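The block underneath contains the structure these notes are about, expressed in structure tokens.
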Amino acid sequence: MIVKENRIKTRSGAGALSRHVLHGAKNEAIRVLAGSDWLMRDAMREARREGLTYGLRHIAFNPDEAMSDDQLSGFARRLCEELHADPEHLTLVVHQKDGSTHGHLILPEWQGNHVLESRFTWMRLEKVARLEEIRLDHALVPGRHDKAIAKALRKEGHHQAAEQVAALIPVPDSAKPRAAYTSQARRITERQGLDLPAMKKLVSALWSQSDGLKSFRAALAEHGLTMREGDRKDTRPGAHIIETSDGTLIGSFTRLTKVRMAEFRKLLAEEHSPEHEKPKPDIRNTRVPVRMIAENDQTGILSARASPPARKRDPKRISLPRRNQAIDALRLRQMEDVDRPAIMQHAPSEPLYPLILSADEARIRRRIRRAILDQQAILDRRAPEADWAPLKREEMLAKWRKALTPYQKQLRSSFARYHRAKKEWKQADASRWQRMTGRAGKLEKICQQLLLKFLEVLRFVVQALLHVVGLRSTPPEPVRSVLTEQDRPVLEDFRKQHDEEFTAMAAPEKIEVWLSYRFDSLVQARQDRIWKWNKAHQPEKERARQEIARLRSKLAAPDGLMHTMAVVPPQPVMGPSP
């Protein structure tokens with residue numbers, strides 16, 4: 001579910017928002033579940049009287065899967081609870097477009113005695129959306145603030161939900177999800193007669209079908225689009241935008257295609273490099289001088305111009321930093337050898353001629369190495385839980401104890417009231433005079449009512465225990481103030497079903513044993529998930545391992561050239577021997 005927030009300024013009024021929400025012409029159906037146009041305009045008038053900059057808060061939410069009107073209304077109420085807004089003054093409208101529905105929630109900025117909260121609202125709204133997706137068993141949508149959301153969920157006690165959201169956090173090197181365009185940009189293009197989502201899909205499809213910037217520019221031209229450097233060259237050097245032939249802005253290249261700016265700058269550098277502009281060189285012009293020694297060269301005539309062997313140096317005299325630099329340089333040359341034509345010399349038993357790799361063959365070898373790196377990335381992939389920080393027993397148990405302390409006090413207080421009332425009833429029932437006057441009967445009714453309240457508090461405390469340790473995804477339902485005899489069977493069944501948890505909460509010495517067992521179960525469950533993940537991805541890793549072996553065999557030299565193959569550096573062209 002995607003949730004977006006927009007604050008409407010007081011000077012702008014509620015007219016434009018009202019026309020868009022209540023009279024959108026492109027919607028198949030509009031259902032007003034709460035509020036009205038008058039309520040939005042009245043909120044603007046109150047904000048103007050209070051001298052506020054913003055008068056309305058517009059929150060649009062679009063679920064990936066279908067939701068009923070009741071589910072959308074419940075989600076809107078949870079958004080109000082997160083922002084501490086009064087649900088009596090909200091406006092909720094559901095739009096149906098292309099067979100799917102999305103909602104618009106409008107809240108007044110002035111809440112009667114305070115201004116609507118605006119601190120970290122984007123993160124908080126995404127947190128409510130993730131919880132709603134988990135509650136409705138929808139697919140989780142990754143966002144930009146998943147790390148902060150997971151931390152907040154753990155702090156609130158939603159440990160299971162926090163683990164599911166933490167699995168969405170991208171690796172450090174990958175880019176965070178971001179919107180391709182803003183709602184304001186979409187409204188502007190709609191007024192100009194353009195469908196911005198369709199144009200975004202078109203640009204993404206053209207980029208995926210192109211093999212470079214040149215072919216991508218040609219594909220854009222076929223659809224009446226152009227790409228040029230942006231106007232903000234000083235603040236964002238290298239940024240390019242895509243626009244129509246008449247100059248209507250579609251969006252940034254990196255936002256529309258999801259290409260990182262660093263990679264795009266490399267593509268631009270390759271496009272403007274001289275090597276990219278020149279035609280492919282002929283292989284006959286890429287030959288370099290080769291020094292060869294024949295097997296029957298006993299006089300050393302052919303090797304007379306060979307350079308003398310380098311003087312050996314004592315490795316002890318080479319300092320450690322210089323030795324590390326030499327190793328790094330050697331590795332770099334080995335990696336660069338695939339990018340230049342390589343010259344290999346056959347064994348003496350074979351005909352004496354140089355074997356030259358063309359530029360095309362060198363490119364093929366580069367692609368093979370890149371494919372090997374891609375397969376290696378599959379081998380290096382690990383389960384999401386494997387990268388999580390290990391759970392600390394004492395720290396986790398201390399956190400659970402601190403969270404459960406007020407619930408234990410509430411349970412003991414409720415039991416003490418019931419026990420005191422029961423004792424008074426037994427004493428009155430033992431007295432014949434109090435039975436005759438009816439006092440024993442009244443005390444019995446009070447005792448039974450306190451027993452129901454004790455069972456209700458017990459239900460609340462046990463649900464809180466399950467929620468704190470992560471066995472319950474939602475917080476406990478509040479304690480009901482009005483109870484009848486019809487609620488007794490359900491509460492008694494709950495008491496029997498969770499007798500172990502009730503015993504643990506009632507006895508301080510038993511709660512430690514129960515929490516330790518729960519912690520061990522949590523650690524074991526994480527290990528089981530890691531083991532299942534590794535087992536499920538084992539075939540994929542085995543295929544990657546076989547593919548790496550196959551690709552490396554393509555890079556290996558022929559068997560007859562393995563022992564005497566050497567890469568000879570280019571030498572200056574010399575004249576014929578005298």
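The values are calculated or read from the model by the stated rules, or taken from the named source; none is laboratory data. All values derive from a computational prediction rather than experimental measurement. Because the Cβ atoms are built from the backbone with ideal geometry, glycine has one as well, and the counts that use them run over all protein chains shown. These area figures cover heavy atoms from the full protein model, side chains too; ligands, DNA and RNA do not enter into them. Shrake-Rupley method; radii C 1.70, N 1.55, O 1.52, S 1.80 Å.
About the Cα centre of region 75-123, how large is the charge dipole given +1 on each Lys and Arg Cβ and -1 on each Asp and Glu Cβ? Please answer in debye to the nearest 20.
Working: 4 positive and 7 negative charges, 30 e Å.
Rounded to the nearest 20 debye, it is 140 debye.
The listed residues His20, His89 rank as His89, His20 when sorted by accessible area, largest first, using a 1.4 Å probe. Close amide H contacts of Arg472 (hydrogens built in the peptide plane, cut-off under 5 Å, sequence separation of 5 or more or a different chain): His467. The alpha carbon centroids of region 31-85 and region 521-543 are separated by 44 Å. Backbone phi angles across region 59-72, fed through the Karplus curve with coefficients 6.51, -1.76 and 1.60 (θ = phi - 60°), yield HN-Hα couplings of 10, 9, 10, 10, x, 6, 10, 5, 10, 6, 5, 5, 5, 5 Hz in residue order; Gly and Pro are listed as x.
Take Thr474: with every protein chain present and a 1.4 Å probe, its accessible area is about 60 Å². Would you please classify the overall shape of region 87-143 from the alpha carbon gyration tensor, given that a ≥ b ≥ c denote the square roots of the eigenvalues, rounded means a/c under 1.5, and beyond that prolate means a/b larger than b/c while oblate covers the rest? Note, shape of region 87-143 comes out oblate. Name the residues whose placed amide hydrogens come within less than 5 Å of the amide hydrogen of Ile2, ignoring near sequence neighbours (fewer than 5 apart) on the same chain. Placed amide hydrogens put Asn62, Asp64 under 5 Å from Ile2.
If packing is taken as the average count of other Cβ atoms within 10 Å, what order do 490-501, 118-129, 158-169 fall into, highest mean first? If you can, show how the numbers build up before the last one.
Details: 490-501: 13.6, 118-129: 17.6, 158-169: 19.9.
For the peptides 490-501, 118-129, 158-169, the packing ranking is 158-169, 118-129, 490-501.
In the context of the full set of protein chains, region 123-171 has a per residue accessible area of 47 Å² (1.4 Å probe).
Too long at a 30 Å Cα-Cα cut-off: which of Lys422/Lys510; Lys4/Lys155; Lys26/Lys258; Lys26/Lys214? Write down the numbers at each step before the final one.
Values: Lys422/Lys510 26 Å; Lys4/Lys155 24 Å; Lys26/Lys258 28 Å; Lys26/Lys214 37 Å.
Over 30 Å apart, Cα to Cα: Lys26/Lys214.
The heavy atoms of Phe415 present about 100 square angstrom of accessible area, all protein chains included, probe 1.4 Å.
For region 26-34, putting each phi into the Karplus relation 6.51 cos²θ - 1.76 cosθ + 1.60 with θ = phi - 60° gives couplings of 8, 8, 6, 8, 10, 10, 8, 8, 7 Hz, in residue order, rounded to whole numbers and with x for Gly and Pro. Positive-end ranking of Ile134, Ala150, Trp110 along the dipole of region 106-162, with charges on Cβ about the Cα centre, is headed by Ala150.
Only Lys, Arg, Asp and Glu carry charge here, each on its Cβ (+1 for the first two, -1 for the last two); on that basis region 6-57 has a dipole of about 200 debye about its Cα centre. Taking amide H positions as modeled 1.01 Å from N, with prolines and chain starts lacking one, the residues under 5 Å from Ala34 and 5 or more places away or on another chain are Leu92. When the charge dipole of region 375-472 is built from unit charges on Cβ atoms (+1 for Lys and Arg, -1 for Asp and Glu) and taken about the Cα centre, the candidate among Met436, Ala398, Gln410 whose Cα reaches farthest toward its positive end is Met436.
Normalised by the residues of region 33-108, what does the relative contact order come to in percent, with Cα pairs under 8 Å and at least six apart? Could the numbers behind the result be given before it?
Details: 95 pairs, mean separation 32.3, N = 76.
Once divided by the residue count of region 33-108, the mean separation gives 42 percent.
With contacts taken as Cα pairs under 8 Å and at least 6 residues apart, region 376-505 reaches a relative contact order of 23 percent. 3J(HN,Hα) along region 372-382: 5, 5, 5, 5, 5, 5, 5, 5, 7, 5, 10 Hz, from the Karplus curve 6.51 cos²θ - 1.76 cosθ + 1.60 with θ = phi - 60°, whole Hz, x for Gly and Pro.
For region 369-461, just say rounded, prolate or oblate: build the C-alpha gyration tensor, square-root its eigenvalues into a ≥ b ≥ c, call rounded for a/c under 1.5, and beyond that prolate if a/b exceeds b/c, oblate if not. Mind dumping the intermediate values first?
Values: a/c = 9.60, a/b = 4.64, b/c = 2.07.
Here region 369-461 falls in the prolate category.
Please label the shape of region 1-133 as rounded, prolate or oblate, based on the square roots a ≥ b ≥ c of the eigenvalues of the alpha-carbon gyration tensor (a/c under 1.5 means rounded; beyond that, a/b larger than b/c means prolate, else oblate).
Details: a/c = 1.96, a/b = 1.28, b/c = 1.54.
The shape class here is oblate.
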